[in-house]
Amino acid sequence: MSSTMWYIMQNIQSKYSLSERLIRTIAAIRSFPHDNVEDLIRKGADVNRMHGTLKPLHCACMVADSDCVELLLEKGAEVNALDGYNRTALHYAAEKDESCVELLLEYGAQPNALDGNKDTPLHWAAFKDNPECVRALLESGACPNARDYNNDTPLSWAAMKGNLESVKVLLDYGAQVHVTNLKGQTPISRLVALLARGLGTEQEEECLELLCRAAGRFEIRLADGTLPRELSKDPQLLARLTNMVAQAPTLRSLARCAVRQSLGVQFLPTAVKELPLPETIKDYLLLRD
């Protein structure tokens with residue numbers, strides 16, 4: 001290296017502390033091409049130092065680097081530390097990567113941690129439609145019916161995006177369909193709003209059918225008896241859903257809903273398997289009809 005280049009590199013290096021270089025390396029904003037996480041930590045970089053709104057562990061989860069997450073945890077990164085938005089690393093991992101989620105949980109991450117908006121990691125896994133992350137969180141004790149600042153549950157977050165696979169997992173773990181947020185919206189009505197915008201696909205239609213089976217009855221009217229105003233944009237959808245609302249639920253479908261609710265929050269496929277019922281009835285309870 002020429003003396004001029006050496007001087008330039010030394011001058012750049014003096015602008016950043018080891019801890020700053022650490023988070024820049026994790027985020028792939030490299031000040032120096034030969035920097036690596038392990039070397040920087042060995043030289044004294046602080047794995048728990050806040051940089052702007054983020055700590056190194058949060059940053060590693062944002063880029064879904066499970067190897068880096070594991071290294072930071074081994075070197076003493078605080079697994080439940082909050083960033084500038086009161087989010088834990090698990091909030092970021094839940095959006096991105098199952099491996100990161102499992103590592104954090106193994107090191108004691110709180111599955112029901114709340115951020116500044118009372119969102120849990122499960123809310124974000126459901127919203128981003130990462131069903132394996134949803135499953136990992138639920139298996140570790142995440143509450144399927146946690147409420148955010150608007151009283152929306154993870155099922156509502158999944159439904160508003162038509163995230164079929166995440167909806168399936170949540171329902172398997174006893175997520176409630178008959179929940180209402182502060183605006184009077186249910187998971188079904190959140191999905192209907194998506195359909196009304198003309199964004200519905202076959203997946204969203206299947207999601208609606210599944211939610212209706214779990215609910216036992218189709219109901220999208222608000223507390224004052226009116227239908228969501230979004231439906232006025234799609235007369236054909238309005239007519240179809242109005243007809244569905246008018247149909248009385250069957251006793252069989254209401255009984256299924258009641259049995260599922262009585263089983264509470266647990267992994268329903270296991271709970272239903274233990275019931276002294278014919279296999280066809282068990283399949284019906286598990287929404288497999």
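Please give the Cα centre distance for segment 90-133 versus segment 35-62, rounded to the nearest Å. For segment 90-133 versus segment 35-62, the Cα centre distance is 20 Å. Shape analysis of segment 139-213 places it in the oblate category; the axes a ≥ b ≥ c from the Cα gyration tensor give an a/c of at least 1.5, with a/b not above b/c. A cut-off under 11 angstrom between Cβ atoms defines the neighbours of P131, and their net charge, with Lys, Arg +1 and Asp, Glu -1, is -2.
Rounded to the nearest 20, the Cβ-based charge dipole of the chain about its Cα centre (Lys and Arg +1, Asp and Glu -1) stands at 800 debye.
Taken over segment 133-275, the alpha-carbon convex hull comes to 114 cubic angstrom per residue. Taking Cα atoms, how many degrees apart are the long axis of helix 3-14 and the longest axis of the chain, rounded to 10 and kept between 0 and 90? So the inclination is approximately 50 degrees. For segment 171-212, the dipole from Cβ point charges (+1 on Lys and Arg, -1 on Asp and Glu) about the Cα centre works out to 380 debye, to the nearest 20. Note on K183: lysines with a C-alpha under 24 Å away, same-chain residues under 8 apart excluded, are K118, K128, K161, K233. Each of P278, P154, A109 was scored by the projection of its Cα onto the charge dipole of the chain, and the greatest displacement toward the positive side belongs to P154; charges sit on the C-beta of Lys, Arg, Asp and Glu. Pop the C-beta distance of T270 and S232 into the FRET formula with R0 = 41 Å and round what comes out to the nearest 0.05. According to the calculation, E is roughly 0.40. Whole-percent P(r), the chain, all Cα pairs, 5 Å bins from 0: 1, 5, 11, 13, 14, 12, 10, 9, 7, 6, 4, 3, 2, 1, 1, 0, 0, 0.
Multiply the residue separation of D67 and T250 by 0.36 nm, subtract the distance between their alpha-carbon atoms, and state the gained length in nm to one decimal.
Extra length available between D67 and T250 comes to 60.7 nm.
Per residue, the average separation of C-alpha pairs within less than 8 Å and at least 6 apart gives segment 90-155 a relative contact order of 34 percent. Each of the peptides 240-251, 79-90, 162-173 was scored by the mean count of other Cβ atoms within 10 Å over its residues; in descending order, highest first, they stand as 162-173, 79-90, 240-251. To the nearest ten degrees, helix 202-215 and the longest principal axis of the Cα atoms of the chain are 60 degrees apart. Taking all Cα pairs closer than 8 Å and separated by 6 or more residues, the relative contact order of the chain comes to 10 percent. Assuming charge only on the beta carbon of Lys and Arg (+1) and of Asp and Glu (-1), the dipole of segment 16-110 about its Cα centre is about 480 debye to the nearest 20. Quickly estimate the mean residue ellipticity at 222 nm for the chain, helices only: each DSSP H run with n ≥ 4 gives -39500 (n - 2.57), and the total goes over all residues, rounded to 500. Calculated from helices alone, the mean residue ellipticity at 222 nm is -15000 deg cm²/dmol.
Helix 187-196 against the longest principal axis of the chain: what's the angle in degrees, Cα atoms only, rounded to the nearest 10? Tilt of helix 187-196: around 90 degrees.
Bear in mind that the values in this text are calculations on the coordinates, not laboratory data. Nothing here was measured: the structure is a model prediction, and the numbers come from that model. All Cβ positions, even for glycine, are placed from backbone atoms using ideal geometry, and neighbour counts span all protein chains on display.
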